[in-house]
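Inspection log for the structure reproduced underneath, given as structure tokens.
The values are calculated or read from the model by the stated rules, or taken from the named source; none is laboratory data. Predicted, not measured: the structure shown is a model, and the values here were computed from it. Here the Cβ positions follow ideal geometry from the backbone for every residue, glycine too, while neighbour counts run over all protein chains shown.
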Ligand code: TXA
Ligand code: MG
């Protein structure tokens with residue numbers, strides 16, 4: 001399906017939906033745009049990305065304009081084949097090799113010292129570059145067909161939750177990019193783990209589906225986690241982590257504690273707000289939903305399925321804007337496994353507004 005829509009002076013955005021037999025045509029159309037310096041939104045297994053030719057300074061600059069992204073926040077370079085890595089980075093040591101064997105293609109981004117071919121415009125002026133090989137056939141097909149590495153941040157306006165559904169990409173980027181590919185719901189739903197390999201000990205800069213324990217098991221060594229440097233007012237190592245992120249328009253309150261008391265507290269707050277005609281919604285697991293008394297309840301998954309919760313987090317937050325909700329209550333989640341990444345994103349979305357109940 002190809003749709004061309006033009007509204008006012010907005011850019012023409014070509015919209016494509018992937019089905020069983022059109023992926024080659026769509027990839028070839030997208031690759032032409034990338035090669036000619038345009039922007040293509042494409043699906044990955046983590047979240048949707050806005051792609052441009054990573055070796056073309058002017059194309060990558062457009063990404064910053066479209067997203068309203070600060071220019072010191074570097075982009076991740078996506079590659080389709082492991083063999084392409086040495087073209088772009090220096091010092092691929094045994095640690096890097098083990099991680100690539102174990103986790104690529106997949107949601108692990110690795111930071112290396114860059115080679116000259118990688119422009120400073122996409123690294124925010126840094127000597128390092130972030131690289132990942134996405135676990136998505138459309139994404140890798142687009143990179144291969146373009147014969148270029150593709151730099152791609154998450155497909156959202158800066159500060160908003162990342163897009164994991166086509167509808168959410170459209171809401172932010174329609175009329176601002178040349179093409180959007182609808183590849184369905186992003187399976188992981190949370191951006192990749194970012195791991196710095198330029199430090200003496202590998203250091204996690206952003207948690208994701210590939211956890212610290214998974215990485216340590218492969219390397220048979222302990223690694224560091226710099227995710228919380230922000231909280232201690234130290235300069236964050238991943239420039240992107242210093243900006244307010246993932247926020248819907250409404251105010252998010254996270255409620256943490258014994259689940260019976262959490263439900264009771266949320267119900268009391270909802271009652272007060274509804275009494276003064278404020279819009280309020282509760283995002284919760286299905287296990288809690290029957291006990292919540294609120295007009296708008298959004299179920300994020302089941303308690304025993306952290307992956308499902310992760311995959312629905314951003315879409316639940318974005319739906320709050322579609323419903324025009326001004327007050328959002330959500331309970332905290334276990335920080336086991338991918339739960340670390342879920343709580344990291346949620347705390348940022350809530351600007352650390354968390355209430356602890358006994
Ligand atoms: O899953 C993902 O990683 C998605 C999909 C589209 O691949 N992309 C994504 O990109 O989340 P973005 O731009 O939203 O986030 C990239 C993060 C930012 O926090 C950025 O600061 C950090 O990676 N980063 C990129 N290059 C870096 C570098 N050289 N040193 C430190 N941090 C870097
Ligand atoms: Mg992002």
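Numerical summary
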{"read-out": "Matching residues, region 70-79, being surrounded by 22 or more Cβ atoms within 10 Å (Cβ to Cβ) and within 15 Å of ligand 2 (Cβ to nearest atom)", "value": "74, 75, 76, 77, 78"}
{"read-out": "Scope region 109-130; condition touching a strand residue (DSSP E or B) at 6+ places or on another chain (Cβ under 7 Å) and away from ligand 2 (no atom under 16 Å from the Cβ); matching residues", "value": "110, 112, 113, 114, 115, 118, 127, 128, 129"}
{"read-out": "Selection within region 131-175 - free of Cβ contacts under 8 Å to residues at least 24 places away in the same chain and within 13 Å of ligand 2 (Cβ to nearest atom)", "value": "172"}
{"read-out": "Count of region 28-50 residues which are closer than 21 Å to residue 165 by Cβ and touching a strand residue (DSSP E or B) at 6+ places or on another chain (Cβ under 9 Å)", "value": "12"}
{"read-out": "Any hit, region 222-232, residues being modelled with pLDDT under 95, outside the structural domain of residue 33 (by TED's automatic domain parsing) and more than 23 Å from the chain's Cα centre (by Cα)", "value": "yes"}
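Residues are listed down the side, and each one gets a yes or a no for (1) buried (at least 24 other Cβ atoms within 10 Å of the Cβ); (2) under 24 Å from residue 318 (Cβ atoms); (3) over 19 Å from the mean Cα position of the chain (by Cα):
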site	(1), (2), (3)
59	yes, no, yes
123	no, no, no
137	no, no, no
151	yes, yes, no
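Residue by residue, here is whether (1) surrounded by fewer than 16 Cβ atoms within 10 Å (Cβ to Cβ); (2) farther than 21 Å from residue 161 by Cβ holds:
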position	(1), (2)
290	yes, yes
301	no, no
306	no, no
311	no, no
314	no, no
322	yes, no
326	yes, no
343	no, no
